[in-house]
Structure formats: C-alpha cells, structure tokens
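See below for the structure under consideration.
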Amino acid sequence: MSWTGQTASLGRRAGPAPIPWVADTLALVAGVGFGVVIALAISSESQSLLSSPGGWFDAVARVAALTGTYLMLVMIVLIARLPWLERTVGQDRLVKWHRRIGGWPIALIVVHVVAVTLGYAQMTKAGPLHQLWVFLSNYPDLLAATVSFALLIFAGFTSAKIARRKMKYETWWVVHLYMYLALALAFAHQIVTGVMFLGHPLARIYWIAIWSLTAGVVLTSRVVLPALRNARLQLRVHNVVEEAPGIYSVTIKGKQLSRLAVSGGQFFQWRFLTKGLWLHSHPYSLSALPRPPYLRVTVKASGDQSSAVRHVKPGTRVLIEGPYGTFTKHARTNALVTMVGAGVGITPLRALLEDLPADVDVSVIVRASSAEELVHRDEVEALVRARGGSFHALIGSRHQVPIDVRTMNRLAPRVAQGDLYICGPDGFAQRVIDVADRLGVPKQQIHHEAFSF
Ligand SMILES: Cc1cc2nc3c(=O)[nH]c(=O)nc-3n(C[C@H](O)[C@H](O)[C@H](O)COP(=O)(O)OP(=O)(O)OC[C@H]3O[C@@H](n4cnc5c(N)ncnc54)[C@H](O)[C@@H]3O)c2cc1C
C-alpha cells in the first residue's frame, strides 16, 4: 500500500464545510434558555415567601440552583461533540469555552447549598449544621444530591490547571465521567423539592425538556452515531510501520470508507480494541486523506497509550469518533498558503496539503533535529513539487536553524499575504505564531492545531 502522491478525489467524500450560523443560532438558543430559567426563578417568588423566615436565603438558593444547573447543561452540550458544532467551532475552542464557564456552575451550586441550609435553619430556628443533618437523614433525594455535590466539587478541583498537569489524563477522564452520574443524582431533588416546579406544570415540562434534550444530544452524538458509523466501517489494523525513531504509521482497513466525509487536517478519536488500549480513545490526525479501503494515522510514542500503539497487531478492531477539527482547507481565506510543521505535527499538514485545491500556491517549511526524524518528508515534498510550490526542510537544533523573522522572510516572503497553517510542539508553534505576528500576518489568517486540549 503506497501513500505517495495525490489521492484521486473520485471514490471519496470530501469533508463538509463549516456552517457559521449553527454556532450563532445555538448561542442564541442558549441565551434565550438562560433568560427563561431566570424568569422561572423570579416568577416563583412572592411577597409572602420573601417575608417569611429565611425567605431571602431560599430565593437566592433557587436562583443559584437553576442558573448553576442550566450552565452545567450548557457545558455538557459544548463537549458533546455535536458534528456541525465541532466542524464550525473546533474541539479546542469548545473545550476552552467549556472550561471558561466551568467555575460558574460550581460557585452557584455552592451558593445554593449554603443559602438553602441557612434559609431552612432560620425557618426551623435550628443551627445550620443541625439543618444539614436533617436534610441528609430525612430527605432521600437530598442524600443523592449531596453525593452529586461532592462529585461536582471533586471534578472542579481536578479541572484546575495545576491539578490537570499533575494528574494522568486517564484519571482526569474517569473523574469527569462521574459528572454524568452527579447530574443524574441531582435531577430528582430538583423536580421533587423545587418550589418553582411544584404546582407549575409548564415550568416542570420546560425543565424536564432541557434535561432530556441534553441527554439526547449526548447519547446521539457520543453513542448512537459513532456506533452506527463503526458498525458500517468495520475498521481493523492493517499494518504498523516505523516512520522515524519513536514514530509509527498505523494503516487501518475498513468497509465503505468512500462514504466517510473527512477533510485533510482533521482528526478522529481512536480506540484500539486490544489489551491496555480499549478503555480510552485518543485523538490522532489523519496523516493522509483516506484511500479506500485504507486510512492512516501517524503516532509519536509520547506516553503509555501512544507508545503501546506500535505493538498493535494486524487484525485488531478499531473504533473511531469523528472527524473533528477546523484545521482544514475551509479555514483558508485566500489562494496563498504557507505551512510550517515540526515533529509529528507534520502529519495533519501532509493530509491538508493533499486536500487543497490545485490553484492554491503553497510554501511548506518543515523542521526536525535530524533528517531521519523528518516524518513523511518524501510524501510532503512530492505533493508540494507536484503543485509547483516551494518546500524547505530545516534540519538541526533550534539554535542552529531557528525559525525567526529572517528565516521566514527568506523561505516564505509572502507569508503575510496568505494563510499560515502551523502544527508542531507547543513551544515551536508559539514561536512561529510570534514570528507571524511580527511579520504582520492577520490573526484570522493564522491557523494552528495544538496536539493537546
Ligand atoms: C487534535 C489533536 C490531534 C492529535 N494528533 C496527533 C497525531 O496525529 N499524532 C500524534 O502522535 N499525536 C497526536 N496528538 C497527541 C496525542 O493525542 C497524545 O500524544 C496522546 O493522546 C498521548 O496519550 P498517552 O497516553 O500516550 O500519553 P499521556 O502521557 O497520557 O499524555 C500525554 C499528553 O497527551 C494528552 N492526552 C492524553 N490522552 C489524551 C486524550 N485521550 N485526549 C486528549 N489529549 C490526551 C494529555 O493532556 C497529556 O498532556 C493529537 C492531539 C490532539 C489534541
């Protein structure tokens, strides 16, 4: 199986373009939904409720509970991997938004717990600790909600940047999986005890509807769609080949791959169904456009899971989720493209290069410490030459062959007039972005794929 040269576009479905109005419409719907939630909270108040003992605490508790839970559902939808949202906004940005919102629901739920305890304590003239004990011992739904609260706080701590850095990805992932359990546990006490739902059937229907919608979105895009796709594709490892020290290409064979719509530069979540690898999926970009019946990824052994990929046996079943990502030809703003890549970051550029229309003028700069570390060099060079572009390989240490303003001006003098695609280790990518800034490349023309979220 040879991966050199351009893939014939015949017999392969092109990746669909982003749909910009999708993100705007969903943002509008989320905003209107938030407004309705605040209206629900306010309309459930009355003069007599507010003036009763603990009334103001209860009111604060209700507003905090409704808004906090609603924001939590929004966070879940953001990372539910909705196909059209993914290809319009990109998983990296969605994850960033998810994290940005993250602190609010946790803070609001903490406010809810404190305020509801103080409110009931005032009402029953008991101490707050005694009131907490009454909640836990007398209300079964509140016991479940307390477990949910503990899980939420734990997930909040593990999401802090410092904790994330210290924690294995797999541990962090399991903790986050518990968030779905936390939400399920919290649901019952909202419906059963929430004043705004008691005797308000419309409010109740609205609340159940947004929960059901969120659950439906998650189940459809994380379970049903991938299951149907994998049942159709029947992917199995065909072979594993060493490309460079510690970097391996895995070719995967499947059925009906001509129906898989994917753009060069996109990635899938890959799950190899073999001992030690089946539990987690990992993101890897396609390192070439599909050549039915084959797909290819190129993986650098950087941790436990990526190192184990080299030992995967031919015939092993593979499950995918995706394609995801906006690092594609659709991000381009004009017909002049510069690509800069290093290490295993060259791989999505290789696939993207194959996918660019023939009239695009391309300059490619790749770098590595030694010639043997330059993955897919022959393939990239052949693709660039075939379309009459310029190809430059920078070999040597960062100090010997830096990518700076001078180098960029020499190798890609028109970089500021076109689009710049960058993929490589974080430090490298940031340096190239800084150089691009200094050369006046407009921000919207810089496209960067980070290999971490
Ligand atoms: C969009 C994208 C595309 C990528 N494409 C490629 C590629 O084509 N080739 C390649 O070699 N590598 C690629 N990577 C990086 C690759 O996913 C990680 O190197 C791999 O998941 C590391 O897993 P590990 O268990 O071996 O290492 P670990 O030591 O467990 O993790 C190393 C780092 O990878 C991150 N990571 C681990 N597991 C995951 C996961 N499931 N999802 C997201 N991040 C994770 C962690 O944040 C950690 O910082 C890509 C990453 C992203 C986000």
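In loop segments of the range 168-270 as defined by DSSP, the trypsin sites (Lys or Arg not before Pro) with at most 15 further C-beta atoms inside 10 Å of their C-beta are K168, K255. Please work out whether the range 115-231 counts as rounded, prolate or oblate from its C-alpha gyration tensor, where a ≥ b ≥ c are the square roots of the eigenvalues and a/c under 1.5 means rounded, while otherwise a/b larger than b/c means prolate and anything else oblate? In terms of gyration-tensor shape, oblate.
Calculated FRET efficiency, Q234 and H392, Cβ-Cβ r, R0 41 Å, to nearest 0.05?
Approximately 0.50, to the nearest 0.05.
Qualifying trypsin sites (Lys or Arg not before Pro) in the range 337-440, where qualification requires a DSSP coil assignment and no more than 11 other C-beta atoms within 10 Å, comprise R414.
What value, in deg cm²/dmol to 500, does the helix sum -39500 (n - 2.57) over DSSP H runs of n ≥ 4 give at 222 nm once divided by the residues of the chain?
-16500 deg cm²/dmol
Taking amide H atoms as placed 1.01 Å from N in the peptide plane, the amide H of I446 lies under 5 Å from those of L420, each 5 or more residues away in sequence or on another chain.
Seen against the Cα atoms of the chain and their longest principal axis, helix 128-138 is set at about 80 degrees. The label point for I153 and the one for V224, both projected 7 Å from the Cα toward the Cβ, are 3.7 nm apart. Extent along the principal axes, Cα only, for the range 20-223: 54, 39, 25 Å, with the longest axis given first.
Taking each residue as 0.36 nm, the span from D359 to I42 lengthens on full extension beyond its C-alpha to C-alpha distance by 108.3 nm.
Report the calculated FRET efficiency for Y294 and A160 (r = Cβ-Cβ distance, R0 = 45 Å), to the nearest 0.05.
Efficiency at R0 = 45 Å is approximately 0.60.
Using a 10 Å cut-off around each Cβ, can you sort W56, W97, W21 from fewest to most neighbouring Cβ atoms?
Going from least to most buried by this count: W21, W97, W56.
Normalised radius of gyration (Cα atoms, divided by 2.2 N^0.38 Å) for the range 234-324: 0.98. Each principal axis of the Cα cloud of the chain was evaluated for its coordinate range; sorted largest first, these ranges are 81, 50, 39 Å. Using 20 Å as the cut-off for backbone N distance, which residues of the range 313-330 belong to the label zone defined by a point 7 Å from the Cα of Q256 along Cα→Cβ? Residues passing the 20 Å test: 317-324.
In order along the range 442-453, phi translates into HN-Hα couplings of x, 3, 6, 9, 9, 10, 10, 9, 8, 8, 8, 9 Hz, rounded to whole numbers, per the Karplus curve 6.51 cos²θ - 1.76 cosθ + 1.60 with θ = phi - 60° and x for Gly and Pro. The charge dipole of the chain, taken about the Cα centre with unit charges on the Cβ atoms of Lys, Arg (+1) and Asp, Glu (-1), comes to about 800 debye, rounded to the nearest 20. Could you give me the ³J(HN,Hα) list for the range 89-102, computed from phi with Karplus coefficients 6.51, -1.76, 1.60 and θ = phi - 60°, whole Hz, x at Gly and Pro? Whole-Hz 3J(HN,Hα) from phi for the range 89-102: 9, x, 5, 4, 6, 5, 5, 4, 4, 4, 5, 5, 5, x. Amide H contacts of S302 (H built 1.01 Å from N, in plane; Pro and chain starts excluded): S307 sit under 5 Å, all sequence-distant by 5 or more or on other chains.
The mean sequence separation of alpha-carbon pairs under 8 Å and at least six residues apart, normalised by the residue count of the range 325-448, gives a relative contact order of 32 percent. Considering only C-alpha atoms, what is the centroid distance from the range 108-154 to the range 399-453, in Å? With the range 108-154 and the range 399-453 each reduced to a Cα centre, they are spaced 53 Å. Over the range 261-420, the Kirkwood radius and the radius of gyration, each from Cα atoms, give a ratio Rg/Rh of 1.00. DSSP beta bridges fully contained in the chain are about 55 percent antiparallel. The length gained on full extension between A23 and L50, counted as 0.36 nm times the residue separation minus their Cα-Cα distance, comes to 5.8 nm. The string of couplings for the range 216-224 from the Karplus curve (6.51, -1.76, 1.60, θ = phi - 60°) is x, 4, 5, 5, 5, 7, 9, 10, 5 Hz, one whole number per residue in order, with x for Gly and Pro.
Across all directions, the average flat footprint of the convex hull enclosing the Cα atoms of the range 329-449 is 6.4 nm².
Relative to its residue count, the range 162-310 spans a Cα convex hull of 164 Å³ per residue. Mean sequence separation of contacting Cα pairs (under 8 Å, at least six apart), scaled by the length of the chain, corresponds to a relative contact order of 14 percent. You can think of it this way: the chain between Y206 and R414 has 69.4 nm of extra reach, that is 0.36 nm per residue less the Cα-Cα gap.
Values in this text are rule-based calculations from the coordinates and carry no lab data. Everything numeric in this text was worked out from a predicted model, so none of it was measured. Note that we place each Cβ from the backbone using ideal geometry, even for glycine, and neighbour counts take in every protein chain shown.
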